[in-house]
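Here is the structure we will look at, set down as structure tokens.
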Amino acid sequence: MLSSNGILFFNIALYITTFFIYQAKNKKIDLGSFALLFYALIAIISFDLFNSPFSSFYPMKVFPFIFLYFNLMLMLWPLLKFKKENVREMIVYDSKVLKKLSILIIMVSFATFLVQLSKISISSLFSYDVLLQNYVDQHDDLENLEGGVNYLSIFQFILNEFTIPLLVYYLLKKDKWLVIGLLVCVLITILLNLTKGSRSGLVSILISIPFIFLVFQEKFTKKLKKRLLVGIAVFSGVVLIGFASITLARFDENRKDNILAYTLESYSGQSFLNFNNYGLDAKGIRYGDRVAPLGRRVLGMNTSTNYYERRDNYRNMLIDDSYFITFVGDFTLDFGPILGMIFLIFFSVIFRRILRLRGNSYYFSQIIILYVLYEWSVYGFTLWPYAEKVGNLKLIVIFFVYILLKREEKRTVRLLKFSTSNKSSLNK
């Protein structure tokens, strides 16, 4: 019988072997390569975390890791089938849908920044005490149902999902003003996350960086690649410093060496270990209260007001969403292993159908959905990023924009083909 460390080595071998098999067939480093290597790294970190003197996990079992691997590969499958070479001929045109969406994002981001301006102090960003107090105050208000609903911040949170893909789109289109506007939106997002003491928004931005290069590199000129590398290096440095500051602020800054290393390791590696211990049996389920609260509302069922209330409602369960358990764990905790897997199979099929090639090139509407899948399956190493009412609403808005953009792209392609055929006739 395998020991816990033997099982953890087996888990590492699953992801590393899959990565090498994929690379042997694919030959090039692409988005699928990064996703597989990313999870191989998480598996390695989880091994070290399990053996840390600060950790207290139950012994590992084989089947939960196999179940988790199967479901991760299930959701990664459409992403692994994506070929970056087919982005080379992607049409970059003057889209009315994208332009209006970009202007709306810029306006909402600036409005949110102006509203929050009175609460922002540059000096406070370098103070552990102030960062910690901001984080505590925000969560106290939420727990006590104080402070009301900030609709502007919710609107910005929903629209933020489009910012990175649109920024790259307008870089390719060489629209200087929209690039500057969207770039400022990213900076505002970083600043607001720092003032709130939120690490999740910063990690999301950091994880989006490989997506930019590994999806669009076929369309980048050498000059643009060099500029992007410099910009990305600066952004990454700011985000990493911010993440470290928030981590130290939340824990004990007087034990920086030990606590920072452990908390970073715990942030990265705990999800695999928590899933192994509780993902398939947490002594109860949440009946979709985290993953699909809007669906519950449609069915006339009550939903928790926020995560503090939800944690209290399901307090008899062995784990809650204050711990990372992967997006797969979110689905199994809400619906149980069998129904949770059925939902993931359904979504995997939907993503695969959307991301099929139309002709010899992808369309930008598909890139937006690819970004959603990437966030879902890679940033989802922590928890499902589209959970809660606002997350559900974000997903609905994204697919609504996808439908609008897809219709516009079809009209544009028809016009281009008509124009090309007319020119050919005139030349004859």
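Helix 326-335 and the longest principal axis of the Cα set of the chain meet at an angle near 70°. Need one word for region 7-104: rounded, prolate or oblate. Basis is the Cα gyration tensor (sqrt eigenvalues a ≥ b ≥ c); a/c below 1.5 gives rounded, then a/b vs b/c decides. Prolate shape, in that a/c is at least 1.5 and a/b is the bigger ratio. Of Phe57, Phe162, the residue with the largest accessible area leads and the full order is Phe57, Phe162 (1.4 Å probe).
With everything on Cα atoms, drop me the angle between helix 4-26 and the longest principal axis of the chain, reported from 0 to 90° to the nearest 10. For helix 4-26, the angle is close to 10 degrees. Taken about its Cα centre, the chain carries a charge dipole of roughly 2880 debye when the Cβ of each Lys and Arg holds +1 and the Cβ of each Asp and Glu holds -1.
Taking the charge dipole of the chain about its Cα centre, with +1 at Lys and Arg Cβ atoms and -1 at Asp and Glu Cβ atoms, the residue from Gly32, Tyr308, Trp177 reaching farthest to the positive side is Trp177. Taking a point 7 Å from the Cα of Lys81 along the Cα-to-Cβ direction, the residues of region 14-57 with backbone N closer than 15 Å to it are 32.
Averaged per residue, region 183-235 has 43 square angstrom of accessible surface, using a 1.4 angstrom probe with ligands and nucleic acids left out. With θ taken as phi - 60° and the Karplus curve 6.51 cos²θ - 1.76 cosθ + 1.60 applied, the whole-hertz 3J(HN,Hα) list for region 276-287 is 4, 6, 10, x, 9, 7, 10, 6, x, 10, 9, 6 Hz, x standing for glycine and proline. The mean accessible area for residues of region 20-110, using a 1.4 Å probe and ignoring ligands and nucleic acids, is 50 Å² per residue.
Angle between the Cα long axis of helix 176-196 and the longest principal axis of the chain, 0 to 90 degrees, nearest 10? Between helix and principal axis, roughly 10 degrees.
Couplings 3J(HN,Hα) for region 34-50, derived from phi with the Karplus relation 6.51 cos²θ - 1.76 cosθ + 1.60 (θ = phi - 60°), are 4, 4, 5, 5, 4, 6, 4, 5, 4, 4, 5, 5, 5, 4, 5, 5, 4 Hz, where x marks Gly and Pro.
Apolar share of the accessible surface for the chain: 64 percent from carbon plus sulfur atoms, 1.4 Å probe. For Phe10 and Phe343, a Förster radius of 25 Å and the Cβ-Cβ distance give a FRET efficiency of 0.40, rounded to the nearest 0.05. Distance between the 7 Å Cα→Cβ label points at Lys219 and Ala111: 2.9 nm. Label sites at Lys61 and Ile180, each approximated as a point 7 angstrom past Cα along Cα to Cβ, lie 5.9 nm apart.
With R₀ fixed at 22 Å, the C-beta to C-beta distance from Phe399 to Val92 puts the FRET efficiency at about 0.50.
Our estimate of slack between Thr17 and Leu104, defined as 0.36 nm per intervening residue step minus the Cα-Cα distance, is 26.9 nm. Computed over the Cα atoms of region 283-401, the ratio of the radius of gyration to the Kirkwood radius (Rg/Rh) comes to 1.01.
The values are calculated or read from the model by the stated rules, or taken from the named source; none is laboratory data. The shown structure was predicted, so the numbers you read here are calculated from the model rather than taken from an experiment. Don't worry about glycine lacking a Cβ; one is built from the backbone with ideal geometry, like all the others, and counts go over all protein chains shown. The accessibility values were calculated without ligands, DNA or RNA, using every heavy atom of the protein model including side chains. Shrake-Rupley method; radii C 1.70, N 1.55, O 1.52, S 1.80 Å.
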